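Structure first, then comments.
No value in this document is a laboratory result; all are computed from the given coordinates. Note that the structure is a prediction, hence the values are computed from the model and not measured. No Cβ is skipped: glycine too gets one built from the backbone with ideal geometry, and neighbour counts run over all protein chains shown.
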Amino acid sequence: MNQQEPDLILRGARVIDPSQQLDRVTDVAFASGKVSAIGDALAAGPATDVRELKGKIVTPGLIDLHTHVYWGGTSIGVDAVALARTGATATFVDAGTAGPGNFAGFRKHVIEPALPVRILPLINLSFAGIFAFSGTVMVGECEDLRLLDMRECLRVARDNLDLIVGVKVRVGRGASGNSGIAPMDMALEVAEELGLPLMAHLDHPPPSRMDVMSRLRKDDILTHCFRPFPNAPSMPGGGVRPEVLAARERGVIFDIGHGGGSCGFGTSRAMLAAGFKPDVISSDVHVLSINGPAFDLLQTLAKFHVLGMSLPEVVACATVNAARAIRRPDIGTLKPGAPGEASIFEVLDAATEYRDVLGEVIHSNTAFQARGLVLDGRWWT
């Protein structure tokens, strides 16, 4: 039987696909919008677009598990299509920017027009979503319990289950004010009714780290998992707090969610030194972090590589692990038959400064630079 002529071949790159334990120099071919083959010296047809990528890295299409991309409809949102180009990112999981009251607009005016860039949303428990987030105006969407209607959240989520991959709640002094832990309990009940994971944000207490950790279920996601004091996961003298270890034992997923205030190098070093690596690395890119310190997913991955995680480890945290967290095993992989998506970047020997949310700077000679993106089996620009 004749094989279909490839539409595109990525030639001679280092291909890292943790879903297949693959890490070697080889070729990847795409046909009819899907991955069609991985192998050495793959044959091209007369119409095949062949990209010579010696010295570059090819991975499955990167998945940023924590972003805010309701651009133009909310003050927090940034442009996913522009970020896809600069950060070589194929999938953006929007972490609760929209709630039941504005989800329809997010879908019609942002998610659908962005294709083939994929946006998969978590629905916010709050009716208004994250509605007041800027450098001058900051109002937590869970401060007022009148905005938290579990029935509305459930109804809108059920109407959009072809897109929605979970429920998002933000708790802490900044996000829920005097509402304490109540919004989390409400969001958990909605997530349980839907059979979907909950992503929980925790900033300054109240509530406490213990309050949140003890409630998270298997496959729920704790974002901002390496946040600095207060509510940090590490102990002052080193080591991991017992409630954090217990949550991992239960199967809770730990996601970086860098953002503008939620990832410290000190906490990260302490956790990595204790052998506690994140399950997922995400940027939490939004209007206040896009120009630093987070920038985008690729720069966040570079930080953890500089902190000591291997290249295959950080790639796994933004491909197969991220896909598993949102129950989408069809993406984050280069297995033949998977959607035709790949991220291309280069690891450069270049003097680079990396900054955390507290202003600490790491000087490194390692930088990640986006070099391309494949979407729908075609080189995308």
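What is the fewest-to-most order of D279, D64 by other Cβ atoms lying within 10 Å of their Cβ?
With the fewest neighbours first, D279, D64 line up as D279, D64.
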Can you give the calculated 222 nm mean residue ellipticity of the chain, where each DSSP H run of n ≥ 4 adds -39,500 (n - 2.57) and the sum is split over every residue, rounded to the nearest 500 deg cm²/dmol?
-> -5500 deg cm²/dmol
Using only alpha carbon pairs under 8 Å that are at least six residues apart, calculate the relative contact order of the chain and give it in whole percent.
-> 20
Which whole-number percent is the relative contact order of the range 229-381 (Cα, under 8 Å, 6+ apart)?
-> 19
May I ask you to give the average projected area over all directions of the convex hull of the Cα atoms of the range 77-210, in nm² rounded to one decimal?
-> 8.4
Taking the chain as the reference, fit the longest principal axis to its C-alpha atoms, fit the long axis of helix 150-159 to the helix C-alpha atoms, and give the angle between the two in degrees, 0 to 90, nearest 10.
-> 20
Could you state the orientation-averaged shadow area of the convex hull built on the Cα atoms of the range 12-51, in nm² to one decimal?
-> 3.1
Pairing the Cα long axis of helix 297-306 with the longest principal axis of the chain, what angle in degrees results, from 0 to 90 and rounded to the nearest 10?
-> 90
Please tell me which of these pairs span more than 18 angstrom C-alpha to C-alpha: K34/K335; K218/K335; K54/K335?
-> K218/K335; K54/K335
Cα-based shape type of the range 268-381, given that a ≥ b ≥ c are square roots of the gyration tensor eigenvalues and the cut on a/c is 1.5 | prolate
Pairing the Cα long axis of helix 182-194 with the longest principal axis of the chain, what angle in degrees results, from 0 to 90 and rounded to the nearest 10?
-> 50
Along each of the three principal axes of the Cα atoms of the chain, give the extent in whole Å, ordering the values from largest to smallest.
-> 65, 48, 39
Sequence-distant residues sharing a close amide H with A318 (under 5 Å, placed H) | I281
Could you name the lysines whose alpha carbon sits less than 16 Å from that of K277, not counting residues in the same chain fewer than 8 places away?
-> K303
Fraction of beta bridges assigned by DSSP in the chain that are antiparallel (%, nearest 5) = 55
